[in-house]
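Written below as structure tokens is the structure these notes are about.
Read-outs: derived from the displayed coordinates by stated rules, not from any lab. Computed from a predicted structure; not experimentally measured. Here Cβ is always computed from backbone atoms with ideal geometry, including for glycine, and neighbour counts include all displayed protein chains.
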Amino acid sequence: MRRIPVTLRSATTAMTLCAATLLMPAALSAQFTTFVAPPRKATVDSAKATVAVAKARADSVARMTLSDMKAWVDSAAGVSSTQVASASDTVMTSAPAMAPAERQPTDRTTTTFSNGAIAPNTASPLPAYLVAGLAALIVGTLLLRIRPRRA
Amino acid sequence: MFRERADVAVRVGAASLCVVGATLVALAGGRYAIGSYRADVARRLWDERQAQALVAQARDRATIAASFQRVATGAPVARLRIPRIRLDEIVIEGVGDDELNAGPGHLPGSALPGMTGNAVISAHRDRHFSRLDELQLGDTIRTETTQSSGAWVIVSRRVVGRETPALFQSKEPLLTLTTCWPVRYFGSAPDRLILSAKPIAGTWADGARARMRGDS
């Protein structure tokens, strides 16, 4: 077996090549696919992190936990659900100032059928008109029948 | 002098009350009279339509497509009978003031009674559906259209808010009766009484059963 002579120069050259192979990709931003340098670990400033977390909590509108995905999908699709939402379905924690405004009851009327329509308005003012008119007639007639008193 | 003026004022006020009262009575009475007249017209039209349908069927010219054409607002579409409260009315297409003044109204867009889907009929609480609150689960309802006639059984009775979605599509034949709640003559109507009924098997003709299944 033939012996290869190892000199100090050849050893230094070999070590230099190895070091260059290991360090060059980091310098060239991972131009070599065989080795990708890991990103630098960010240094955590605990004071800044605490401030950021507090700020994020203050800015967040709501934290929502959805457990009933069917109701969520129905609402996203614009389909009315007959189920009444229970407290366990959706839990929202939000700042009072950011709470959505309550829906004011509007005087809607239903004239055509649609899925989830409200029942038509079937209240009539006619009975009230009739009773009020009869009462006014009776009172007026009684007053007219009162004879004016002579001085 | 003062008493004479007071007497004059009282007499003027009394006359005004009489005028206002007479106007209100005339207004309400007139509306009721118009509604009664329109109900009579609807019943007459319904009888004519039924007669025409019978003649057409006898001549075997009645086609399902022709009978399903869109019904004009104000036209009679069905006959509704509820034996328990002795109700026998002609249902009119539409739920506007004029239609509901004449009779129970069929909500446009909903199915006709006896067809696949939800057939919605509404009426005033002080008029045709004044005794609707007396109906209970298990009571029967009869409907007639030009295509079918049969009986229904009430399977659901609920009171919902006036803004609450209460009418939904159905893949099965369903009859829904609605009126204002509470059923009284005066005051606001914050809620709605909703009765749902399902067809009673055996009371519908074969053709009606096929339409209920949506075969046509």
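Here are a few things to note about the model shown:
- MRE, 222 nm, helices only [DSSP H, n ≥ 4, -39500 (n - 2.57), over chain B, to nearest 500]: -12000 deg cm²/dmol
- Hypothetical label at B:ARG86: residues of the stretch B:27-58 whose amide nitrogen lies under 17 Å (7 Å Cα-Cβ projection): none
- Label point distance in nm, B:TYR32-B:GLU4, each placed 7 Å from Cα along Cα→Cβ: 4.4 nm
- Packing, as the average of other Cβ atoms within 10 Å across residues, places the peptides B:47-58, B:13-24 in the order B:13-24, B:47-58, highest first.
- Note on A:SER114/B:GLU134: beta-carbon distance plugged into 1/(1 + (r/R0)^6) with R0 of 41 Å gives a FRET efficiency of 0.85.
- Residues B:ASP97 and B:VAL159, FRET efficiency given R0 of 30 Å [Cβ-Cβ distance, rounded to 0.05]: 0.80
- Between B:ALA15 and B:ARG49, the contour length at 0.36 nm per residue exceeds the Cα-Cα span by 7.3 nm.
- Rounded tilt (10° steps) of B:2-58 against the dominant C-alpha axis of chain B: 10 degrees
- nm² value of the averaged projected area, convex hull over the Cα atoms of chain B: 14.8 nm²
- Separation in nanometres of the label points that stand 7 Å from Cα toward Cβ, at B:PHE168 and A:ALA11: 8.5 nm
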